[in-house]
Structure formats: C-alpha cells, structure tokens
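What follows is one structure encoded as structure tokens, with my remarks underneath.
The values are calculated or read from the model by the stated rules, or taken from the named source; none is laboratory data. These numbers were taken from a predicted model, which means no experiment stands behind them. Here the Cβ positions follow ideal geometry from the backbone for every residue, glycine too, while neighbour counts run over all protein chains shown. The protein model used for the area step is the full one, side chains on, heavy atoms only, and it has no ligands, DNA or RNA in it. Shrake-Rupley method; radii C 1.70, N 1.55, O 1.52, S 1.80 Å.
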Protein chains: 8
Amino acid sequence: MNLKVYLSGEIHTNWRDEIIKKCKDLNLPIEFTGPVDNHELSDDCGIAILGKENNKFWHDHKGAKINAIRTRTAIERSDLIVVRFGEKYKQWNAAFDAGFVTALSKPLIIMHNDEHQHALKEVDATALAVTKNIDEVVKILKYTTEGKI
Amino acid sequence: MNLKVYLSGEIHTNWRDEIIKKCKDLNLPIEFTGPVDNHELSDDCGIAILGKENNKFWHDHKGAKINAIRTRTAIERSDLIVVRFGEKYKQWNAAFDAGFVTALSKPLIIMHNDEHQHALKEVDATALAVTKNIDEVVKILKYTTEGKI
Amino acid sequence: MNLKVYLSGEIHTNWRDEIIKKCKDLNLPIEFTGPVDNHELSDDCGIAILGKENNKFWHDHKGAKINAIRTRTAIERSDLIVVRFGEKYKQWNAAFDAGFVTALSKPLIIMHNDEHQHALKEVDATALAVTKNIDEVVKILKYTTEGKI
Amino acid sequence: MNLKVYLSGEIHTNWRDEIIKKCKDLNLPIEFTGPVDNHELSDDCGIAILGKENNKFWHDHKGAKINAIRTRTAIERSDLIVVRFGEKYKQWNAAFDAGFVTALSKPLIIMHNDEHQHALKEVDATALAVTKNIDEVVKILKYTTEGKI
Amino acid sequence: MNLKVYLSGEIHTNWRDEIIKKCKDLNLPIEFTGPVDNHELSDDCGIAILGKENNKFWHDHKGAKINAIRTRTAIERSDLIVVRFGEKYKQWNAAFDAGFVTALSKPLIIMHNDEHQHALKEVDATALAVTKNIDEVVKILKYTTEGKI
Amino acid sequence: MNLKVYLSGEIHTNWRDEIIKKCKDLNLPIEFTGPVDNHELSDDCGIAILGKENNKFWHDHKGAKINAIRTRTAIERSDLIVVRFGEKYKQWNAAFDAGFVTALSKPLIIMHNDEHQHALKEVDATALAVTKNIDEVVKILKYTTEGKI
Amino acid sequence: MNLKVYLSGEIHTNWRDEIIKKCKDLNLPIEFTGPVDNHELSDDCGIAILGKENNKFWHDHKGAKINAIRTRTAIERSDLIVVRFGEKYKQWNAAFDAGFVTALSKPLIIMHNDEHQHALKEVDATALAVTKNIDEVVKILKYTTEGKI
Amino acid sequence: MNLKVYLSGEIHTNWRDEIIKKCKDLNLPIEFTGPVDNHELSDDCGIAILGKENNKFWHDHKGAKINAIRTRTAIERSDLIVVRFGEKYKQWNAAFDAGFVTALSKPLIIMHNDEHQHALKEVDATALAVTKNIDEVVKILKYTTEGKI
C-alpha cells in the first residue's frame, strides 16, 4: 500500500532527510512532503515577497500565512502525519499541526524524547504511535505499507 | 447575540474567573466552558478512576484521554474559543487546541504577551484576534454580543 | 415553522429595522441577526480594542477580523440569509457573504434594484429568491413560516 | 510540491496568461484552471445553448448557471484560488468566489491595487496573501511549490 | 425520546393530519413539519410574491424555489422523514426528497400501496421502513419514541 | 478541463450512446459512467446472484441494493450528473438521483420534454441547466470543458 | 457541563438503570438515551408492525431497520457513547456502534471485563476510556460534568 | 468501472487470496487492500516496534493502534468494503469496521454463513449485499464493474 506522509515539526536537524533516505533504501512506496525547512527563508518569506513591515508582528504574520498555503495543502493531501518535537524552541506550530490533524481524523505519529513526555501527554493521547527515534518511525512506515517489519 | 465560549490553555492563574466575572458584570449573554482547572486532579484523574499505572506514560495517557472527553465536547459545542498562553510550561495542549479549532473553522482569539510573539506566529496567523490581556478579550466579547465597545 | 434569519449587506439605510418591524407586526416566529450596523464603529473596532496601526491595511485588517467573529457565528447559526445590495459603495462583503452561504448550502434571498441586475447575475443564480424591495422579502418570510401570503 | 490553482475574477485583461507563462518559464508544477474568459460568450452562453429569453434576468440567469458548472467544478478541485479585482466593473462574482472558497477552507490569494483596499477589507481578511501584482503571485507560487524565492 | 419528523410527498389527501392527530392522541413527543399543502398557493407563490411570468417554466421556477426555502430548512432540521407516494400525479418531488434525505444519511420511512412497489424499488431500498398505511407509520413513531407498540 | 459525467435516468432508449459518441467525435476529455442499462439484468441481478425470493418486494430489494453499489460509487466520483426523464414509466429513481446529487452539491443537468415541465418543477429548480435534447447537453459539455460552443 | 449520553450494547442486565440511578443520585446534569431494551420486542418489532415474514432473514431485517431509526438518531444527538460488552452472545451490534461512533469522532467509553480484553483490542484502542464496571463509568461522568471525583 | 475494494474481517483463512485470484482471472479492474493478515505479527507489531509492555492491555493497545494506521487509511480510500465473519473468534473488529464504514456512507458487502444470521442482523441491515460465499462476492464485483454476470 502506497502512502502520502507529511513530516511536521522541528526544522533544525536533518531528521526528514534521514527518514526519507531510509524509506528509499527500503523501496517503500511513500511520497513525502513537509514545510519549507530553510529556517531563515521560512521566517522572512512574507516580507521578501509582499514588502517590509516595521512591526515584527505583521512581519511574522505575512510569513506565517504564506507558509500556511504550503503546509495546509500538503497536510490535507496526506494519509499520515509525523510530528517531531525536538530539543529546542517552543515548537507550538508542531502542536498546532497535531491538533489540526486530529480534527481532520488523519493518523498521527508523534516523535519526541522522554524529557517531553509529560508536557506532550494530550498530544500523545491522540496519536496512533508515540515514537522515540527515526528507526521506529521507519519501521511503522514499512509495516503499514508492506505488512512486514 | 448570545455566545458559547470555551476558555482554553493556561490553568495556573485565575484568568478564566476574571473574564467570566467581567462579562457577568456587563450582563453579556455568554455561557463559558473550559477544561478542569484543578491541576493535580487533571493530571491524575486517569489513575484515580481507572487504576494505577507503573509507567508514567500510561499514567498520563489515561488522564489525558479522560480530560479529552470534556474538552472535545465543550470545544465542539462552542461558537468561539479563547486560547491563553501563559508564562510557564510548554503549553503544547494550548497550541493543540488552537490547531484543532482551526480545522473546525471556528473563530479563535489568542491571548499572550509580547515575549511569545515570534514563537506563536503560526498560531496567531489563524486567529481572528490576538490579544494581550483580559480587558481586550472582554471588549471583543462585548462588541460581538452587543455591537458596542 | 420558526426561522433564524441573518440580514447581510448594506448598513447605511434602515432596511433591517423595517423588515424586523413588519415581521413583528405580523407575529412571525423569526429571530433576526446581522452585522454591527454602526458604520464608524464597525470600521474602527479593531484599533479601538487592540491598539492603533499606522498602516491603513492593518487598521482595517484587525477590524474586519473582529467583525468576522460575529458575522461568521451568526451566519453559521441561521436557517436563511438575506443579502441586500444597496445603491452605494462596492459592497464586496455582501457578495462575499453570498458566496460563503452558497458553499454552506443554506437558502439565500438576494435584494437589489434593476440597475444591478447584470452585475449580480452570478449571485442571483444561486439564490432561492431575487427580490426588489422589503415587502417581497417579508412576504417570503411569512409564506415560509406560515404557509400563507 | 505540485499545485492545482484556480484563477478567479477579472476577465478583461490578460493577467491569467501572464501568470501561466511566468510559472511555465520557471517550470513550476502547476495546473491552472479558470472561468471562460471570452466575455461575450460567457454572457450569452445560456441563450446560445438553451434558447432565447425576452427578459434580461432569465437571459443572464441561464448563462450564469451554465458558467457555474465549470467554475464550481474547477474551484472544488483546486488546492489554491487566486482572486483578482481589476479596475473596472462591480466584480461581485469575484467577491462571491472568495466567500465560497473561504467556506470550503481552501487557501486564498487576493490581488488588487491600493485604491480598493478599504472596500475589500473583509475579503482580504480571509486571504492567506494580499498581493498587488502578478510578480508577487508568481513568487508565492514558486515558494509554495519549490521552497525557494 | 422526542423526534422531529418531516412529512414529505402527496398534498392532495389529509394523511398528514391523520398522522399528527393519532400521534397527539397517543401523547407522542413529536414535532411535525411539512411543505405548504395548499396546492394552488404552493404552485403560484412565486408569481404572487415576485411578479408574473409569461413563460410557465419561469412561473414554476420561482414558485419551486420559494417552496424550497421551507422544505430544505425543515428537512435539514428533522430527525426522520416520512415520504408518501399517493395514487395520482408523477410525484417526482417526493422521490427527489427521498434522494436528498438519503444523501444526508437521515432515517427514511416510505409509504405507498402495492401497485407502486416495483417502480419504487430503488427508493424503498434506502428506507428504514416501507409502510402501506398510516397506522404502520404511527406504530413506528410510537415504538421509536417510547419503545412500545 | 476534463470532466467525469454520470448519466442517470431512462434506460430504454440509447440516449447515453448518442451523448458519448457525439462527445467522442468532438474529442471532449470526458469520462462517462452510468447505471447498468441492461433492463432485465438490472431488475434481476439480486436473485441471480444472491438467490430467489418468493416475495416480489425482496426480489426487487436485493436487486436495487446491488445496483446501488455501482450507482452510488459512480455518482460520488462524478463532477457532473445528467438526469434524463423519458416518456415512459414513473422514473422515480431518476428523481431520487437528482435529490441525492443536490444534497451532495454537485452540478446537475436535467433533460426532459415540455410535457413533464410542471411535474418536474422542483427538480428543475435545483439544476444548473434544464435541457430538451441531446444536442443541448453536448453543447454544455463542450462549453464546460473547452470554453467554446 | 451537561451531557447527552447514549448507552449502547448489552440489553440483558440492568446496567443502564444502575448508571442512570447513580448519576441521578449525584444530581449530574445528564440526559440518557439507549436502544429499546425489551429484548423480545426489539427482535420482533419489524414483523409486529410491518407484517410477518416466512424467512428469518427478512424477519430480522425489518426489525433491525426499525430499531436503527431510534439508535442512529439517538447516537447522532449524543455527546458521549458508552458501549458495554457483556458475558453472553456475540454482541456484534455493540462493536458496530463503536465503529459507527468512531467515524463520527464522538467520545467513546468501553465497558467490559478482563476476559474480553484481547478480542476487543481494536475497539478499546479507539475509546477515550476502557472501564471494568459501572462505578468507573459514573466517576468519569461526574468528572466530565463537574470537574470533581 | 474500476473499483477500490477493502477486504475486512477474518484473517485465518485464505478467502482474500481466493477473491483476488478469481477477480484477476476475470480481468476485473479492481485494486484490493486489507489489513496485515499475518496474525502473529498483527498481534505483536506494537511491542516489536515500540518496545515491550508488562501489561497485556498496553501490549495490545500499541499494536491495535499501529494496525489502525493501515486499516483506516485503506478504508477511507476504498469505494467498497467487504466484511467477512468467519467461524471462529469474537471478530469484534469486523463488526467495528462495518459500523465505521456505515458512518462514512460507503457501500458494504457482508459475508457470513447461516449460523450467524440472527446475531448479525444489525450489521446485515446496513449492507448493500449479504453473501454466503466467495462466488457471490465475485459475481457482485463483476456485475458492479462490468454490468454483466
């Protein structure tokens, strides 16, 4: 069974590339999408395209909305969403995506380390799998598409 | 126009009581709901009702799901959701609620101080109002229900 | 049969009051809602509540969003929406409401004079009635609720 | 990421061709649709196919409905809708499309010049981007599909 | 359990009054709605309110749409729809209502005599009960609301 | 623009073949589906596959449900539905399909001759085009897919 | 917070009465519904109302559909569904209700003893609480409505 | 007409392979999906991927949720679902799938022998066909895709 998978959350490490590479090595029939992961460009796309703002709020507002064109479209098309919570930053957009996906009744895989367990309990409670590392995610993707581990 | 308003997010300060009291003083026709805001009980309701767990993950899991019975039901019934991000903790459940509400196409009011502005840009971008304090929220509720400020 | 009716569009004449009064005189079981029709307040509610903006675009943006809390909620609750196109201004928000209502599959009554007929052909084509004056609207409301003319 | 984009609104200038050509020159993986932009044919398709009407209202009615077969179908299939408000005419069908798309929760890009800013504030408030010219639209489409500017 | 029941179909006999009376005599907690059953008024409401048409098609068109305001609203609100096919006329609007209700996934009771059995097979196949007379309908309503026969 | 078109209604004349042939001759990018139009097989498929029934009602019931597997699936997938009312029989399933499609908010084209105009007024009122013959349908399909007549 | 609760599943013991009584004693603002729990009547309502069938399949078919009028309506209206799996019978209708409710995204509480744990793992996995007895259910209902245990 | 068919239920016999082979021999344009039918792996996938659990409930919980990623996705994509109830086990997940599919308004074919008829009456009542063996299912699939038996 083929799958469309959206990789949401942390954009500071190369976890997306690792998942994509491992799935490719396994020949899994999966099409991946995700947000723009060039952090600086993602922050500044709004003013770069639509013009400067003096107020940081509107600077960010324009950027967040332009990014939403891509992220909403890709999430709506996906069969499965993986949300990774990393070590740094508040990552509220990751939790926002998890809530958005839950309301759409799409399957959700959460990835985070033990440290965040208590704080993420509501998010974890809606996931179909709570994973700790990339290998667990890849195994689930293999099992889902091929019925093997 | 009457309203059903759900107050999501921070449960460590009495912001809900303040909003409810001010709206009551103004005789606004609003029915408020929110999560259980007894923090300890909210954390432990799962094991208190359904039995102890050795593993903290399952301890939290059972509690988070029981709380979801109340929160999902109340959010689904509401016309408007106010989500407050406070000073402390990760507050991923607040961001989760914002994402959930966005997918339901319900109006969202976000409340946070300037410090969190950049981290909340994706959440703010989906809100119909981004407020800094209780008075702004109350004014919006008055304007929405009565057409006056 | 009782009805919830939303009166959308022009806010510069007292057409809403006339419809409401005539329906009240006929004892029709109808609950009316509509946007805030204090034009100045409607334009400035955003900055009045959430603070000034130097840029007119953001000034209007904040106001339009706060008004949307009321209008979206009231439209979602209504059984029937009446949209009036008056003599003045562009009235794009009236046409926007008509499109919004059409996608929700709710019954739509349009009101405008002959002059605007050609320009409103796409809007009229989705309506269940295209009316020219208040009396026609009131008669439809009487017929719908009471089965008489 | 590929996209299906519907270009709504003004049919008197060649803005659609310009956007399509620029995106093609950039090799963006986008499939464009739009309304029939032969103005005369669009106005008269109803009577040309289904027979003459003495009354201009029904003349327009039949045409508007036949055009709706194409426009509704194409909008429903699209990931993203661009709505352009030009210099001339009332353009209520453009605002209607914006409202329709908003109710479907699809991403919306609005294009208009400064002159219409205040009149379009409600429409702009629901858009994910408000642009002033073709180049801004093309840049957003490039950023959304390729993650670059 | 209370119910909202819409009585669709034939408007030439007094079957609605009989069902309503029998349910009232049994004190069943049911609220009934239905189309305007003044046949002549139902046919002519369009031109009576919105003005004459020379063409019978548009005469009927205006009336059918005004009637749809009532019928669609009442059907959408109902828990259960009863559709009666009588002896006379084509009764395509009855079959139309049955299809409309089926797509909404609302429970459907069909009433007709044996003569129409084969012609109504597709309609009957979507119903939760196919009845032959008023007493069977009333018994189902009693059983559904009170759990007794 | 390509289209998926479902041809509903009368199965006693070869109107489907004519439409399909004319569209093919025009090279229109349209994929057609429809019900099984072998009348006898359509009536008896239930007992032929699932075993005989003594009661004609259950004989028809089993057949109507098996046919519904095909018709519901094909209608759900279609962009546009054409419903033809012919000269003979009650054709309640045609009206049922029109109601079903209306509730799904899909575009509807009705085809019938003048004789049935009054009886079909409610059905016609929900259609985007009411046609009298095959050529009108083909012209609409050409206009919708190619923007020409 | 008030609640509408549907009690699904086993109809051979008086578990519904116990839950209802305990909640009443606690003054919880809950409105309960459930299927007809007169087992014999529930099995035979179809033929009792609509006439005898020689074939047991159609005997049951008519009854199951009439019962569905009540159960579907009550489930659709409920905020929360409790499904109890008892000691006896196959109880496939209980599992069916759980699947139906899951697709509607309504909160689900499952009740069963340890013996059935493995066989119910897919059902339990979609529930917000898996309980072993009536007291656990009542505590959850108290906590959900009153925020206390 | 091509079809996407999901084969739900019993995983202890090779009924899926038989249906797939017979449809292939008939060249029917059908794409089949189903759950992972390696029973042991299906039971233990949760702990195999995400780590051991001491408690059998959580052992099963993790596995059931991972399996749900595949089953929910495949069911959502399918046009038609076949649910087989075999001789052994409780098979509550089969009945759960039937309820889930019913709420999604997708066509359902049930397969079981006479012994289970009464216990499955509620499930059968929502199906478009109740079959006794593989050949009946294959004939329905042939009839649906090709219009022949």
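Among residues of region B:130-142 that are under 16 Å from residue B:120 (Cα atoms) and of a type outside the set (A, V, I, L, M), none has a beta-carbon under 9 Å from a residue that is at pLDDT below 95 and assigned to a strand (DSSP E or B) at least six positions away or on a different chain. In region D:83-110, the qualifying residues are those that are open to solvent by less than 30 Å² (accessible area, probe 1.4 Å) and more than 25 Å from residue B:107 (Cβ to Cβ), and the one that is farthest from the other protein chains (Cβ to nearest Cβ) is D:86.
Within region C:133-149, the set of residues being modelled with pLDDT of 95 or more and outside any helix (DSSP H, G or I) comprises C:133, C:147, C:148. Return yes when residue D:79 is at negative phi, more than 7 Å from every other protein chain (Cβ to nearest Cβ) and open to solvent by 10 Å² or more (accessible area, probe 1.4 Å) and no when it is not. So residue D:79 fails the test.
Here residue G:125 fits the description: without any contact (Cβ under 8 Å) to a residue 12 or more places away in the chain and closer than 30 Å to residue B:11 by Cβ.
Any chance region E:14-26 includes a residue that's part of a strand (DSSP E or B) and in contact (Cβ under 8 Å) with a residue 40 or more places away in the chain? No, that holds for no residue. Candidates G:37, G:44, G:25: the one that is touching a Gly at 6+ places or on another chain (Cβ under 7 Å) and not basic (Lys, Arg) is G:44. Annotation note: Cβ proximity below 7 Å between a residue of region A:27-48 that is more than 23 Å from residue B:119 (Cα to Cα) and a residue that is open to solvent by 50 Å² or more (accessible area, probe 1.4 Å) and modelled with pLDDT under 95 (sequence gap 6+ or interchain) occurs for no pair. The requirement of being modelled with pLDDT of 95 or more, over 14 Å from the mean Cα position of the chain (by Cα) and open to solvent by 50 Å² or more (accessible area, probe 1.4 Å) is not satisfied by residue B:53.
Look at residue B:24 and say whether it is open to solvent by 40 Å² or more (accessible area, probe 1.4 Å) and out of contact with any Asp or Glu (no Cβ under 8 Å at 6 or more places or on another chain). Judged against the criteria, residue B:24 is a match.
When every residue of region D:52-61 is checked against the conditions, none turns out to be outside any loop (DSSP other than H, G, I, E, B) and over 26 Å from residue F:137 (Cβ atoms).
Take the conditions crowded, with 22+ Cβ neighbours inside 10 Å and not in a loop (DSSP other than H, G, I, E, B) and apply them to residue C:68. Does it pass? In short, no. Picking from residues in region F:31-40 that are at the interface with chain H (Cβ under 7 Å from one of its Cβ atoms) and open to solvent by 20 Å² or more (accessible area, probe 1.4 Å), the one that is modelled with the lowest pLDDT is F:38. Tell me whether region G:32-42 contains one or more residues that are part of a helix (DSSP H, G or I) and in contact with a helix residue (DSSP H, G or I) (Cβ under 7 Å, 6 or more places away or on another chain). Looking through region G:32-42, at least one residue is part of a helix (DSSP H, G or I) and in contact with a helix residue (DSSP H, G or I) (Cβ under 7 Å, 6 or more places away or on another chain). A residue that is within 30 Å of residue H:40 (Cα to Cα) and β-branched (Val, Ile, Thr) cannot be found anywhere in region G:54-77.
For region E:132-149, which residues satisfy the criterion of being in contact with a strand residue (DSSP E or B) (Cβ under 7 Å, 6 or more places away or on another chain) and facing another protein chain (nearest Cβ under 7 Å)? Within region E:132-149, E:140, E:144 meet the criteria.
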